[in-house]
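The block underneath contains the structure these notes are about, expressed in structure tokens.
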Amino acid sequence: MDRKIQEQKNLTGTLIVAVFTAVLGSLQFGYGIGVINAPQKVIEKHYMEVLGLQPEEIAVKSGNMTEEIKMPSVVTMYWSLSVSVFSIGGLVSSFFVGWIADKLGRIKAMMAVNTLAVIGALLMGLAPLGQAHALVISGRLVTGLYCGLTSGLVPMYIGEISPTALRGALGTMNQLAIVTGILISQIVGLEFILGSESLWPVLLGLSGVPAVIQTIMLFFCPESPRYVYIKLGREEDTKRILKRLKGDYDTSKDIEEMRKEKEEAAREKKVSIIQLFKSPNYRQPLLVSLVLHISQQFSGINAIFYYSTSIFTKSGISQPVYATIGVGAVNTIFTVVSVFLVERAGRRSLYIIGLAGMCVCAVIMTISLALLAQHAWMSYLCMVAIFLFVIFFEVGPGPIPWFIVAELFSQGPRPAAMAVSGFVNWTCNFIIGMCFQYIADACGPYVFIIFAVLLLGFTIFTYFKVPETKGKSFDEISAEFRRKKLKGGKSTEMEYLGTSTEA
């Protein structure tokens, strides 16, 4: 009881305001992911008009007077680039998260990167005044640069200001804010709100609003106590910040913990990205980290997020935008559910369940889309499969890859491992955003069988190669990697000597 009372005391007003302010960046990240989906047809028409092109084909769907326009290939190319260039910005800037966080501090770094968000929003919001396709693509690129930085800065800041007892719960606010941002973008993207031919620039331009609000609120938020103590060496300032965040308490235990962390960081040699790839000590955990991030993106989830409206249209749903909003709502709800599942069950088992469930759903989607012409009720089966696909994603493949990397590596190689994993994640995101529309056009209803095959492969890999990390120290995790390697007869114990001290 006393422990619970103490934990409640730790949840101060300053802490709540600081976490809320930080996750505004994640909210904007989610908005940037989802906002491009709903107004797809409207923006494509605008591109076509600006470029002076005519549609390749206009078909009237049987049973109603809805026109289905086949866009010129150059418009499809510009649209795919508008979607995917967001990821190019993210993968480039993700390498600089650690540098800007240490150079400016967590608060000033978030303030600085918000300028990118405002610039990107202005470029997209003013798109009708010039070459719309060029301005939207430029705006999406700059916004992607912002998101690559904020996706690292936000969880870093929250993790460093949160009390140990609340770190897990507060850390999930980052993912919750992302999916909430996606849902908000889908709702305001409805045609009768901001997704119309006249208001779509406002819809895209609104992505800069959270950045402005966050910048103002950051003036009232304390700097990370870990940054102030470990990087700046200001102990008295650190004590004042800790009391602001946690209330009036004895700070000696937290100061001692930070002192040990500072000494450990000084002793442990920082590992470069080249050393990370060269050293056999890091080969297995690096392989696991990269495959988990690849599986998150190549699972097909971003194909759902980016192109869900067009997928629902092809499956015969009369109001596809509302179905897309339903996907966003389910995504948000099960992000909350996953918080409790991850803490109660193992990471490995949840990941296997998530991948296997998504694989089955991908097969069902393929079958339902293929038989839609013969059986109209298949559209409902497809919609159910999409909802279940999203649910299984949030059970494991959604949240786990982002934090499991930190569990697989100690402080020395961790920054390099996080940078490489982030780069791979954003690169895969770009590939899906750029290529999915072309693959979907070429494969038709069978496009999701590709994801089904990939998901099956990722499930098998996870079963045989990924260790359970819940409740284990780094030494215990590295020991499990040694057992797996030795069991396969491909290595010797000598190859891992010094792993627990170097890695």
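The values are calculated or read from the model by the stated rules, or taken from the named source; none is laboratory data. Since we're looking at a predicted model, the values are computed, not measured. Here the Cβ is made from the backbone with ideal geometry for all residues, glycine too, and neighbour counts use every protein chain on show. Quick note on the areas: whole protein, heavy atoms, side chains included, nothing else; ligands and nucleic acids left out. Shrake-Rupley method; radii C 1.70, N 1.55, O 1.52, S 1.80 Å.
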**Asked** D for region 321-369, whole µm²/s, Stokes-Einstein with Kirkwood Rh over alpha-carbon pairs at 25 °C and 0.890 mPa s: what number?
**Response** 197
**Request:** Using all C-alpha to C-alpha distances in region 217-264, build P(r) with 5 Å bins and read off the rounded percent in each one.
**Result:** 5, 23, 33, 23, 11, 4, 1
**Fill in**
Here the Cα Rg-to-2.2 N^0.38 Å ratio for region 400-471 is 1.42
**Message:** Using the crude model of +1 on Lys and Arg Cβ and -1 on Asp and Glu Cβ, and no other charge, please compute the dipole size for region 201-358 relative to its Cα centre, in debye to 20.
**Reply:** 420
**Request:** With +1 on each Lys and Arg Cβ and -1 on each Asp and Glu Cβ, and nothing else charged, work out how big the dipole of region 309-456 is about its Cα centre, in Debye to the nearest 20.
**Result:** 140
**Fill in**
Sorted by chain and then number, the residues having a modelled amide H within less than 5 Å of the amide H of Thr12, at least 5 places away or on another chain, are none
**Prompt:** With the other protein chains left in place, how much accessible area per residue, in square angstrom, belongs to region 319-458 at a 1.4 angstrom probe?
**Reply:** 39
**Message:** What is the percent carbon and sulfur in the accessible area of region 204-253, measuring with a 1.4 Å probe over the protein chains and ignoring ligands?
**Reply:** 59
**Request:** Can you tell me what the convex hull of the Cα atoms of region 182-322 projects to on average, as an area in nm²?
**Result:** 14.8
**Message:** Can you tell me the mean projection area, over all orientations, of the convex hull of region 359-460's alpha carbons? Units nm², please.
**Reply:** 7.3
**Fill in**
Expected field for Asp248, accessible surface area in Å² at 1.4 Å probe radius, rounded to 10, holds 140
**Complete:** Carbon plus sulfur, as percent of the 1.4 Å-probe accessible area of region 117-169, comes to 74
**Request:** Report the normalised scattering of region 168-262 as log10 I(q)/I(0) at q = 0.12 Å⁻¹, calculated by the Debye formula with identical scatterers on the alpha carbons.
**Result:** -0.61
**Request:** Could you run the Karplus curve 6.51 cos²θ - 1.76 cosθ + 1.60 with θ = phi - 60° over region 35-40 and give me ³J(HN,Hα) per residue in whole Hz, x for Gly and Pro?
**Result:** 5, 7, 6, 4, x, 3
**Average accessible surface area per residue within region 78-174, 1.4 Å rolling probe, Å²** = 34
**Message:** A 23 angstrom limit on the alpha carbon distance is what I want to check against. Which of Lys103/Lys262; Lys108/Lys253; Lys278/Lys465 exceed it?
**Reply:** Lys108/Lys253
**Asked** How many times 2.2 N^0.38 Å is the alpha carbon radius of gyration of region 329-399?
**Response** 1.24
**Request:** Would you give the gap between the C-alpha center of region 94-131 and the C-alpha center of region 15-33, rounded to a whole Å?
**Result:** 14
**Asked** region 76-205: Rg/Rh from Cα coordinates, Kirkwood Rh?
**Response** 1.03
**Message:** I'm checking a number: the convex hull volume of the Cα atoms of region 98-158, normalised per residue, in Å³. What is it?
**Reply:** 67
